[in-house]
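Data first, discussion second: the structure below is written as structure tokens.
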């Protein structure tokens, strides 16, 4: 009886081994000829994502680690008549053969995408949109969160909506994304297209439960010599002429259920130069820490700002280290309103150069100019 059982097990092992050998040999033979099956593959991908996918060329080969498939000139659209949501110049996909075999779903060991263009503003924003859109947005989340162990983006452009409603074009020089179950790590460099802000280094350590709305964790940003001159000139048009600005800082953002729950910013050597009434001014930030935390006041979300050990110089005059406690809320245009602030250890005459950032017709500006306050 035992001999028959062992013989049956051995035959089963042999059958499985032969079947796998045939399967692997078939795949290895078929990979170099994948382009002949380009249309069926594109149709299958379209069915899986509920979109219209087109690809100019598909190439494949078998490596020691498993199959590699390369897509060239790939695009994803809602349908045949809509503009592409995603455009990819080249994508190299390394499949986890055994994981895919066991789960009967494609499992990716590593994906490298070059010249990736994603327009998030074209994705749905409400349940009233067609279900195909929603399926594609969900598929994107699953693709990055659960299907890939490692992904590398190079020279990518991602179009996202800003709080004001305008589209922002984010340039991703390189981004490495690594998944370990529901734990995700990212590191790379990003910037805004047609913006003087320059590149910002980014790191992320986050967890999720299958969707962007469930993301928790920490996001780290670091920027050096970031120019905000055009933005400041737009904000202070007719008040002050900003001639130069360089900001260097590190920021830690805490995420809770997909939203920012708190933030901390640490400034390094930074400066802003401006001119008002033909007189030049400069403020230098030698260092300091800013903490940003949300609170609720009468069911309205209010942001509280606390600073620590700020070291500032204005017009070559050094300030004593000081602290600021302030709060504000955001209106529908995401502009800060309802400001309240308390300052400690500040000599009042140090604030005089900053009054040029206030409107000339403002009653507070007129009072400061007239009184020329001094003291602490």
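Which FRET efficiency value, to the nearest 0.05, do you get for residue 256 and residue 72 by plugging their Cβ-Cβ distance into 1/(1 + (r/R0)^6) with R0 = 35 Å?
It comes out at approximately 0.30.
Tell me, 257, 224 in order of fewest to most beta-carbon neighbours within 10 Å?
With the fewest neighbours first, 257, 224 line up as 257, 224.
Expressed as a rounded percentage, what relative contact order does the range 228-271 have, with Cα pairs under 8 Å and six or more residues apart?
Computed over the range 228-271, the figure is 34 percent.
Would you mind getting me the FRET efficiency between residue 180 and residue 293? Use the beta-carbon distance for r and R0 = 35 Å, nearest 0.05.
0.75
Under a plain spin-label model, where a point goes 7 Å from the Cα along Cα-to-Cβ, how far apart in nm are residue 92 and residue 121?
It works out to 3.3 nm between the two label points.
Between residue 220 and residue 43, what is the spin-label point distance in nm, taking each point 7 Å from the Cα along the Cα→C-beta axis?
5.0 nm
What ranking of 200, 160 emerges when the number of other C-beta atoms within 10 Å of each C-beta is taken as an exposure proxy, fewest first?
Listed from fewest to most nearby Cβ atoms, that is 160, 200.
Taking the Cα of residue 203, stepping 7 Å toward and past its beta carbon, and measuring to each backbone N in the range 217-254: which are under 18 Å?
Output list for this probe position: 217-224, 249-254.
So how far apart, in nm, are the two label points at residue 234 and residue 192 if each is 7 Å from Cα heading toward Cβ?
So the label points at residue 234 and residue 192 sit 0.6 nm apart.
None of the figures in this text is laboratory data; all of them are computed from the coordinates on show. Just so it is clear, the structure is predicted and the values come from calculations on it, not from any experiment. With ideal geometry, Cβ positions are generated from the backbone for all residues, glycine too; neighbour counts draw on all protein chains shown.
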